[in-house]
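The values are calculated or read from the model by the stated rules, or taken from the named source; none is laboratory data. Quick caveat: nothing in here was measured; it's all calculated off a predicted structure. Cβ coordinates were reconstructed from backbone atoms using ideal geometry, including for glycine residues, and neighbour counts include every protein chain displayed.
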Amino acid sequence: MLKHDPLANVLYLDLSKKSFRIEQRHDLFERHMGGAGAAIQLLHEECPEGCDALSPENPIVFAVGPLTGLFPLASKTVAMFKSPHTGNLGESHCDGRSAIAIRMAGYGAIVIKGASDIPLYIAIHGNQIYFRDASSLWKMKSGFTAGRIIRENEPGAGLRTIMRIGRAGEELVSYACVTTETYRHFGRLGLGAVFGSKRLKAVVVSGKRSLPINDKRLYRKVYDEIYHAAVNSPAMKKYHNLGTAGNVLSLNEFGGLPTRNLKQAKFEKALEISGEAFAKQYLGRRLSCSHCPVGCIHIAALRESYEDESYFYKTSMISYDYELIYALGSMLGVSDIEGLLKLMDRIEVLGLDAISTGVILAWATEAQERGIISKKETIEIEFSWGNYTAYMNAVQLIIEQPNEFYKRLAKGVVHAACVYGGEDYALAFGGNEMPGYHTGPGAHIGALIDARHSHLDNAGYSIDQTASAERHFTPEGVAEALLAEERWRQVLSSLVVCFFARGVYRPDIVLRTLQVSDFNFSIDDIHRIGDEIHREKYRFKIREGFSLDNLRVPKRIFETPLPVGKLDEEFIHKAALYVKAEVLKHPLRPKVSN
Ligand code: SF4
C-alpha cells in the first residue's frame with residue numbers, strides 16, 4: 001500500500017464526549033485490504049463481548065476500500081455493528097455517494113462509539129468535524145424532510161453523503177434502516193436502531209482530494225478494461241433496463257417467488273407488479289451510484305391528486321427493486337401497483353427495512369387468518385392479503401407501538417411468533433426475515449449459514465438456478481458451493497465492489513487493480529484473505545452466541561414445494577454439519593496482533 005494513501009486513516013468519534021481522533025492504521029488495510037476485511041477487525045477491537053446492541057458500547061464501523069474513487073463500481077460502504085435484530089454480527093452495505101465521500105474526506109474507516117445526551121448529527125468535512133444539535137430534526141414525521149434540512153445547511157453539494165435515520169430508528173425498531181442519498185439504504189439488521197440508541201440522527205461526510213497511484217499507464221489500461229466490460233456486459237444492460245425488478249417474472253415462472261407468506265411460490269398476479277409493468281407505467285428516472293456507469297436504480301413517479309382540488313397533483317418519487325416488490329407485493333398478495341408504491345413510500349418515509357417489514361406483516365396476516373391474533377391485538381386492523389391500506393396503517397403502528405402486539409412486531413417476526421405462536425410460518429433465518437427466493441436448497445441453506453442471513457453473501461438462489469452437476473444437489477455440494485461463493489465475496493466486499501459487477505472483477509483483474517495502489521498480492525493471497533475474513537465474521541458470531549448446532553428452520557419451507565421438489569430437514573442438517581466442519585477447520589482464535 002502506498003505510504004501516503006489516506007485510506008490508512010481511521011477516524012474515531014466519541015458521541016458521549018463529542019470528541020474525535022485520527023489514527024494511521026496501515027496494518028489494518030495492508031492485511032485486510034479494506035471494506036469488510038477492515039471493518040470486522042475494527043468490530044473485534046471495539047465491540048465488548050456480550051454488550052447490549054443498543055448500548056453506547058456498541059460501535060458503528062464504516063469502511064471503504066483501496067479501489068474506491070479509483071475504479072468504477074467500487075461504490076459500497078460496509079457498515080458493521082452488533083445487530084439489535086439478531087444479537088450477533090450486524091453487517092450492511094450501502095452505496096450512493098457514501099463510499100466516495102468517505103474516501104475523499106480522507107478516511108478508510110470511521111468508528112462511532114458512545115451515545116449523545118441530545119439528538120445530534122455529525123458533519124465530517126475533510127478534517128473538520130462538527131457535532132451539530134439535531135433536536136429539531138428528531139421525531140420529524142418524514143425522514144425526507146430531515147434529509148432536506150440537512151442538505152440545505154451543510155456544504156459539499158454533489159460531493160457529500162448524508163446517512164440518516166427516520167422515525168423507525170428513533171423508536172429503536174430492531175430492523176430500522178439508515179438511508180443515504182434519499183433512495184439507498186444500509187437496509188438489513190438494524191443499523192438504524194443503533195443510530196437511534198446513540199441519538200445519532202445523521203452522518204454527513206464530504207471532501208475533495210486526489211488519490212495516489214503508483215503506475216499511471218497500468219491504471220489507465222485496467223480502468224478502461226473494467227469500464228468497457230461493465231458497460232458492454234449483458235447483465236449490466238439488464239440491470240440498467242429493468243433493474244432487479246426484471247427478476248419478478250422469471251422467478252415466478254421458475255416457481256421461486258414467495259407469495260402470501262410462502263403458502264405458494266407463484267403469484268398469479270405477478271404480471272401486474274412485474275419490472276416491465278413498473279417501467280411501462282411509472283418509471284420516472286434511473287440513477288447511478290457515484291463512479292458507476294450502470295445506473296441500475298429505478299425510481300417510479302407516482303402522481304396523486306389532492307382530495308379537494310382539481311388539477312392539483314403531488315408527485316412522489318419512489319425507488320423500487322425486486323426485493324421490495326417481493327416483500328411488499330407477492331408476499332402480501334398486493335397486486336395493485338399504485339397501492340404497492342404507496343406502501344413502499346410509507347416504509348421509506350419511516351425508515352424501515354422493507355424486507356423484514358413485509359415478512360412480518362405476512363406472518364401477522366396468516367396469524368390473524370388462523371385466529372391466533374385478533375382485532376384486539378391489531379387495534380381493529382384487518383390484515384388481509386392484498387389490503388395495502390391496512391398494511392400502511394399497521395406500519396405506522398409498528399413505529400408508534402401503542403400496545404404489546406406492535407411492540408413485539410417492532411422486534412421482528414421470530415420475537416412475535418415466540419409470544420403468539422405460528423413459529424412454523426415465521427419466515428426468518430438466523431433471526432433475519434427471509435429474502436425473496438424459494439428457488440431451491442441453496443437459497444434457504446444460504447440464508448441460514450451466511451454471515452448476514454440474507455441472500456447477499458452467497459447468492460444461494462443463483463446456485464439453485466444454475467445447478468447442473470449431480471454434486472450440486474447433495475447437501476455437501478450445496479454447502480461447498482455456498483461457502484466458496486461467500487468467501488470470494490469477502491474479497492469483493494473488502495474492495496467494496498458492487499456485487500452486480502462480480503462478473504467483471506475476476507481474480508486476475510482484482511490483482512491488477514490492487515497493483516495500482518501498490519498492494520502486491522498473489523491470487524492465493526487474496527483467496528486466503530477472503531477465507532480469513534469469513535472466519536473472523538464467524539468468530540464474532542460465535543462469540544455473540546450464534547451456533548450452527550441449533551439452527552431454527554421454519555417448517556413452511558418444507559411444505560411449499562421448491563422447483564426441484566420438496567426439501568427435507570435431513571438435507572439442511574447435513575449441509576450445516578459440512579459448513580460447521582469447514583468453519584472450524586482452523587481454530588476460531590483471536591489473532592495475535594503485531
Ligand atoms: S450497479 Fe447499481 S447498485 Fe451497483 S454501483 Fe452501479 S448503480 Fe450502484
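Key figures
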{"quantity": "Within region 141-152, considering residues that are touching a residue at least 12 places away in the same chain (Cβ under 8 Å) and farther than 20 Å from Phe62 by Cβ, the one nearest to the chain's Cα centre (by Cα)", "calculated": "Phe144"}
{"quantity": "Region 82-104 - residue that is in contact with a Leu (Cβ under 6 Å, 6 or more places away or on another chain) and not in a loop (DSSP other than H, G, I, E, B) and, of those, nearest to the ligand (Cβ to nearest atom)", "calculated": "Ser92"}
{"quantity": "Helices (runs of 4 or more DSSP H) wholly inside region 154-254 containing at least 2 residues that are more than 16 Å from the ligand (Cβ to nearest atom) and under 18 Å from the mean Cα position of the chain (by Cα)", "calculated": "167-170, 191-197"}
{"quantity": "Per-region count, region 398-414, residues within 18 Å of Val553 (Cα to Cα) and either touching a residue at least 60 places away in the same chain (Cβ under 8 Å) or over 25 Å from the mean Cα position of the chain (by Cα) (or both)", "calculated": "2"}
{"quantity": "Residues that are farther than 16 Å from Cys418 by Cβ and in a loop (DSSP other than H, G, I, E, B), drawn from region 357-374", "calculated": "Arg370, Gly371, Ser374"}
{"quantity": "Members of region 318-348 that are more than 16 Å from the ligand (Cβ to nearest atom), under 23 Å from Gly147 (Cα atoms), touching a residue at least 40 places away in the same chain (Cβ under 8 Å) and within 21 Å of the chain's Cα centre (by Cα)", "calculated": "Leu341, Leu343, Asp345, Arg346, Ile347, Glu348"}
{"quantity": "Qualifying residue in region 274-297 (condition: of a type in the set (Asp, Glu) and over 30 Å from Gly69 (Cβ atoms))", "calculated": "yes"}
{"quantity": "Residue among Gly37, Gly106 that is at positive phi and of a type outside the set (A, V, I, L, M)", "calculated": "Gly106"}
{"quantity": "Conditions (1) modelled with pLDDT under 95; (2) part of a helix (DSSP H, G or I); number of the one not met by Ser310", "calculated": "(2)"}
{"quantity": "Residue check, Phe62 at pLDDT 95 or above and either touching an Asp or Glu at 6+ places or on another chain (Cβ under 7 Å) or more than 16 Å from the ligand (Cβ to nearest atom) (or both)", "calculated": "yes"}
{"quantity": "Helices (runs of 4 or more DSSP H) wholly inside region 493-566 that include at least 1 residues being within 16 Å of the ligand (Cβ to nearest atom)", "calculated": "507-516"}
{"quantity": "Output for region 375-389, where each listed residue is over 14 Å from Tyr406 (Cα atoms), touching a helix residue (DSSP H, G or I) at 6+ places or on another chain (Cβ under 7 Å) and part of a helix (DSSP H, G or I)", "calculated": "Tyr388"}
{"quantity": "Verdict on Gly275 being within 12 Å of the ligand (Cβ to nearest atom) and buried (at least 18 other Cβ atoms within 10 Å of the Cβ)", "calculated": "no"}
{"quantity": "Every residue from region 362-404 that is of a type in the set (D, E, K, R) and on the phi > 0 side of the Ramachandran plot", "calculated": "Glu380"}
{"quantity": "The listed residue being within 17 Å of Arg199 (Cα to Cα) and either of a type in the set (Gly, Ala, Ser) or buried (at least 24 other Cβ atoms within 10 Å of the Cβ) (or both), out of Ser75, Ser83, Ser98", "calculated": "Ser83"}
{"quantity": "One residue from Gly256, Gly295, Gly284 being closer than 16 Å to Glu323 by Cβ and not charged (D, E, K, R)", "calculated": "Gly256"}
{"quantity": "Residue match in region 491-504 (condition: buried (at least 19 other Cβ atoms within 10 Å of the Cβ), at positive phi and touching a helix residue (DSSP H, G or I) at 6+ places or on another chain (Cβ under 9 Å))", "calculated": "yes"}
{"quantity": "Selected residue (only one of His415, His455, His444 is outside any helix (DSSP H, G or I) and either modelled with pLDDT under 95 or of a type outside the set (A, V, I, L, M, F, W, C) (or both))", "calculated": "His455"}
{"quantity": "Filter result (of a type outside the set (Val, Ile, Thr) and assigned to a strand (DSSP E or B)) within region 59-81", "calculated": "Phe62, Ala63, Ala79, Met80, Phe81"}
{"quantity": "Only one of Arg346, Arg303, Arg285 that is assigned to a helix (DSSP H, G or I) and charged (D, E, K, R)", "calculated": "Arg346"}
{"quantity": "Yes/no for Leu482 being part of a helix (DSSP H, G or I) and crowded, with 16+ Cβ neighbours inside 10 Å", "calculated": "yes"}
